[in-house]
Structures are given as C-alpha cells and as structure tokens.
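Everything on this sheet refers to the single structure shown next.
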2 protein chains.
Amino acid sequence: MSHDAIGTYRDLLVKGDRGTLARAITLIESSAEAQQQQARELLESLPSVTDNGLRLGITGIPGVGKSTMIDALGLHLIGQGHRVAVLAVDPSSTRSGGSILGDKTRMDRLAVNDAAFIRPTATGGTLGGVARCTREAMLLCEAAGYDRVIIETVGVGQNELAVDRMTDINILLMIAGAGDELQGIKRGIMETADVVVLNKCDGPAKNACMNARTDLQHAIQLLPARANGRHPQVLMCSAVEGKGIPELAEHIEQLAALDKSNGAFTERRKSQQLDHLKSTVEQQLLEAFSRDERLLPFRSALEKSVMAGELSPSRAAEQLIARFRTTDGPPRG
Amino acid sequence: MSHDAIGTYRDLLVKGDRGTLARAITLIESSAEAQQQQARELLESLPSVTDNGLRLGITGIPGVGKSTMIDALGLHLIGQGHRVAVLAVDPSSTRSGGSILGDKTRMDRLAVNDAAFIRPTATGGTLGGVARCTREAMLLCEAAGYDRVIIETVGVGQNELAVDRMTDINILLMIAGAGDELQGIKRGIMETADVVVLNKCDGPAKNACMNARTDLQHAIQLLPARANGRHPQVLMCSAVEGKGIPELAEHIEQLAALDKSNGAFTERRKSQQLDHLKSTVEQQLLEAFSRDERLLPFRSALEKSVMAGELSPSRAAEQLIARFRTTDGPPRG
C-alpha cells in the first residue's frame, strides 16, 4: 500500500467508515512486516482525538453475563448520544479458535445498531501481541468516532491485567452465590477493578445479591486502594431485565469526572502510554529477532546441538543473542 | 556463589535434599543476573536423568477439585513406589498474590508425605517467565529423584498451553452439570488434553456424570486428534472418596507405555525441547535489553517524547532496538 493509499484509508476511517475500520484492525493484527509498517504509518497519521472519550474494561468469568451486560450498557450509552465500540479479547484458544460448545454472540441488539461496532480480537497471539493489537484497535475505534470503547476479557488470566493498562475504568462482573472460588476471582483481578457489579440480581436471587454485596464491599476494603486512592463500589444489576444499567452508566460518568477533576485520569493515561511503549519495544524486539534471516543457519545448528543434549537451551540462547546483536542492525537497512 | 559451591549444591540436590531443592527453585526464579548465571550453571551441572520419569499436567477451572485430585493421585503414585513433585502455576495475581478468599492448600496428605514435594510458582512474572521457571523447576525436581512431576494450572488462560509444551500427559479435570460455558473450557484447552476426567462423580451426581461423559466423549471426537493420533478418553472419578484414582493412574501408565513404544513420547519431548529453546531465547533477549544500562539515557529521552505525543510508541521502539543492536554485545564483555 502506498503512502497515498494510507492517506485515503485514514480519511475513510476518520469519517467513521466501518469497513475501513474493520480492515484497519486486520492490518494491525497482521504479523507480516510489510503490513506492520503500514499499520504504524496509519496509526501515526491519525489525528489526535479530543478527550471526551472513555475507555471501559469489562471482565468476569464465562457465564457471568458479560455479553448481555455489554449489550444493555452499550445500548444505554448510545441512547445518550455516544458511539460504542466493543473489543472482545479471548486468546485462550490458540489452535482453532472459539468455544467448544456455544460462544454465540449475545450482543443481539448492539450488533445491529449503527452506532455500535463489535470486534473479537484475533486469537492465537502471544499475550503481548494481544495487548498491543487491542490497544491499537482501540485507538483506531476512537479515530473512527467511537467515544466509548469497551474492552471485554474473560477474568481469569492475565488479559485483564493487560487491559487494566489501557482503560480508564474497569468493571468487574460477578454473580452472587457462585462463591468466590468457583468464580475464579483472584485478588489480582479484584485489584484492577474500579467498579464491581453483581449481575443477575433478579427474581429469587435478589436477597442473595444484597448479602453478597455487603460481603464483597467489606472484603474490598481490605484490599489496597487503586492509584487514585479509591476502593471500588459494589453495584447490583440485572442485565437481562435492564435493571441497574442507567445507575451503572451514571456511576461510571461520575468516576470519570472525579478522576478528570483531580488529575488522576491524565496520570493513568500517561502511565499507560509508558506501559504501551514498554510492551511495543518488547514485541518489536522479538519480531526483529525472529525475522532476521541471517541468523537461521546458526540457529538450526544450535537447535541440533540442543536436541542432541550437547548444549543447554540457556547457553544456546546466549550465543544466538550475541550473534543477533553483532549483526549490524535490521537487514532492510 | 563459587563454582565449588554450585558443585556442593548439585550433590545435595541429587541426593534428594528438600531444602536444597527449594532453594534451587528460588534461584531459578530470581531475575537478578548473578543468580541467573548460577542457576544456568547449576542446571547444566545436573546429571541427565534416566527416562522412567513422567511429567503430568493437571488443569481445570477453580472449584473443580484439582488439589483434592492431586492429593489422591499423588498418594496413589507414592503407594506404587514413586516420588511425586507438584508444581502449582498460578500467575493471575500480580500485585499481591493469592485468592481473595480461601485458596488454602488442599493437598493435606501429600503435604506431609516424605516422598512428596509441593511448590507453588512465584507469581507476578510474565507468561514466558512462568513457563521457563516451571520447566526448570521440573528438571530440578527430576534431578532430586522425583519421577512423577505434576504441574497444576488453572485451565482458563494461556498457562495450560505453556504447560502442554513441557508435559508428557495432560489431564483436564471437569465437573458434570456446571455446563461447558460456566467451566470456561475452551476448545484450545480441550485440545491440549490427553485424558479428560470428570470429578465429583459421587452421591446423587453420579447419573449426571454418566450423561456428561457420553456427551463429552462425542464432542471430543469432533476435535482434531493430538500429534500422537489419539483423542482423549473421558474417565470418571471422585477425588474426595478416592474412587477412580487407581483407574486413572493405570490409564496414564498405559498411555505413556503406548507413546513410548511407538516413538511419540520421544517426539513430544524433542519438540518440547525446541519450544523451550525458543522461549529461553525470547526471555533472555528481553532481559538483555532491559538490563543494558547504556540504553537508559536514550530511553528516558524517548519516553519523554512519547508522553508529549511527539513520537509514536512504535517509532520510539524502532529507535531503541536499533540502538540496542549497535551497542556491541552485552556490557559484561
């Protein structure tokens, strides 16, 4: 793609063209060097977006109702005049993608709404790769005019920690009665939450929800506060019935306004920018290494020695890295 | 630590001294350069272990009964004359470690058995770091005479995929009735299983287990076979009551014997050796980069430009990497 083509791309993107946005995300997800160069050029050509945007993380274990919640919250935000992009991160399937049973999209209403854009991330990447792609996809969505970007993760691994490094406000979704243990909610994930929402607080479960809310709110006070000095509030809702959604949206706006007024919002974004630089460096370093064809013959000789048990993986790695550093810079110049 | 000290260390380790094994694992988990050099020297000094050892992976979501299962299976293996090491991988808490409620060790009987060694991995590392540490800890355990090493992961993230790259046989633990979705069992995790075990098949749940077993066995046939050409069998057990444990142990031994007779066992270990080389190279590369103090002034200048929005993270990364490659080799010579 030529420089001019990138310009056309950017213009269409900034106009909010959905097809262009989808293709641009595919471009940043590509691991081919040429595509990555184009992706970088595209990202750099984007106008800086004025900061009325808000980046939301939503996490919780499978079955807790994340999709239904995002559907309801997204529609509510659209009703308030926002445009909503949803990026769903699920890298747990590296071989063939998707859940073995089910996994149908449950964002029925959002999926057909013109003011919404939904995109699952490409699976199969490394954790660092997924994080970079998600962050850059978020920037593309913002450039395309989506002022509310929701990043959805399954809250049991390390992804939500990566997402914590790119969002303004994180929502941890839980259900009452499943028990902390069965929900796989670890302290580290709880610590990345800015709001905890008990979902499925409807019908006969309502009393259990009230009790769970009290218990959770007490447990949370024992955790260290977030960098902005706060502990998360525990809210209740029923995404299926749409109850508690306006209150949640209101609470999110209040938190954002508070963080903006005291500088915590800007601080968080700045520190995220540094995190992003760090992970970008790491990923590009690994790519530069695996892409350097001049290392290949040396590499396969070392691999044979390692397989034969003549050389330890650590020593082989040392030698490979020394060779990488003495070949003077990237082959393309 | 001197070269001689490493020798003493190794001798104590090979004699099976538990304190030395524990300290050796701490050594490999250290991120300090001096410790890493010592760890490498120690690993290389280890005698190659004769291959009657078996490496088992056990995964499943929280609450499925992994610890109880490992307690029962471990005791059974010890009863057969084996020595059992358990390495528990749980990197989900990066800030302060552990589950917010509970998470007590449930391997009561194994914990006090002289033929068993239990070790949780250090949390807080990168995925690659956790994988390297776990693999090296496994090698240390084998050198210390543990011929059955069990690696426990929470089956919802990418860890069990890393563990698949270091074990001979993987056991996926599930419970009937929780639903595939609530269990968070994704196709990718199912695809790394060599045996699927339905746990908690006791009392009134027994019928549900029988049905779930049939359903699962059918679903599994739809997945691609493992490299050895097999699909996993679905077994039933009750770890609490100890039922089905001897049958599981017997099944594992049969699978291992089969793989050994047709060469699949050796093939798998060889390909894992290559995977290990790859991840070792990647990790050492990142460490060499972050350890290179000559980059620091340049790095902080770039960070300022990125924070000020004058330079994109991608361009800054490019410049940093070029600088890393032209500083000629590691500072220590």
Within region A:214-229, is there a residue that is open to solvent by less than 20 Å² (accessible area, probe 1.4 Å), within 30 Å of A:PHE324 (Cα to Cα) and not in a helix (DSSP H, G or I)? no
With the requirement that a residue be more than 7 Å from every other protein chain (Cβ to nearest Cβ), open to solvent by less than 20 Å² (accessible area, probe 1.4 Å) and in a helix (DSSP H, G or I), what does region B:271-295 give you? B:GLN272, B:LEU295
Any residue in region A:279-294 that is free of Cβ contacts under 8 Å to residues at least 60 places away in the same chain sitting within a Cβ distance under 6 Å of a residue that is open to solvent by less than 30 Å² (accessible area, probe 1.4 Å) and not in a helix (DSSP H, G or I)? List the pairs, counting only those 6 or more apart or interchain. A:ARG294/A:THR327
B:SER305 fails exactly one of (1) over 30 Å from B:ILE78 (Cβ atoms); (2) out of contact with any Pro (no Cβ under 6 Å at 6 or more places or on another chain); (3) among the polar types (S, T, N, Q); (4) in contact (Cβ under 8 Å) with a residue 24 or more places away in the chain, namely (4)
Return the only residue of B:ARG55, B:ARG18 being open to solvent by 40 Å² or more (accessible area, probe 1.4 Å), modelled with pLDDT of 90 or more and not aromatic (Phe, Trp, Tyr). B:ARG18
Which ones in region A:37-52 are under 19 Å from A:ARG10 (Cα atoms) and either without any contact (Cβ under 8 Å) to a residue 40 or more places away in the chain or crowded, with 20+ Cβ neighbours inside 10 Å (or both)? A:GLN37, A:GLN38, A:ALA39, A:ARG40, A:GLU41, A:LEU42, A:LEU43, A:GLU44, A:SER45, A:SER48, A:THR50
The residue from A:THR153, A:THR134 that alone is modelled with pLDDT under 90, in a strand (DSSP E or B) and under 27 Å from A:SER48 (Cα atoms) is A:THR153
Based on what the data block shows, is A:PHE298 at pLDDT 85 or above, touching a helix residue (DSSP H, G or I) at 6+ places or on another chain (Cβ under 8 Å), aromatic (Phe, Trp, Tyr) and open to solvent by 40 Å² or more (accessible area, probe 1.4 Å)? yes
Being open to solvent by less than 30 Å² (accessible area, probe 1.4 Å) and among the β-branched types (Val, Ile, Thr) is the filter here, so list the residues in region A:21-36 that pass it. A:ILE25, A:ILE28
Which residues, counting only those in region B:207-229, are in contact with a strand residue (DSSP E or B) (Cβ under 9 Å, 6 or more places away or on another chain), farther than 12 Å from B:VAL196 by Cβ and of a type in the set (S, T, N, Q)? B:THR214
Among the acidic types (Asp, Glu) and either within 14 Å of another protein chain (Cβ to nearest Cβ) or open to solvent by less than 10 Å² (accessible area, probe 1.4 Å) (or both): which single residue out of B:GLU241, B:GLU191 fits that description? B:GLU191
Farther than 22 Å from A:ILE70 by Cβ and at pLDDT below 90, is that true of A:ALA288? yes
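The values are calculated or read from the model by the stated rules, or taken from the named source; none is laboratory data. Given the structure is predicted, the values throughout are model-derived calculations rather than measurements. Counting neighbours? That spans all protein chains shown, and the Cβs are built from the backbone with ideal geometry, glycine included. Areas reflect the complete protein model, heavy atoms only, side chains present, ligands, DNA and RNA absent. Shrake-Rupley method; radii C 1.70, N 1.55, O 1.52, S 1.80 Å.
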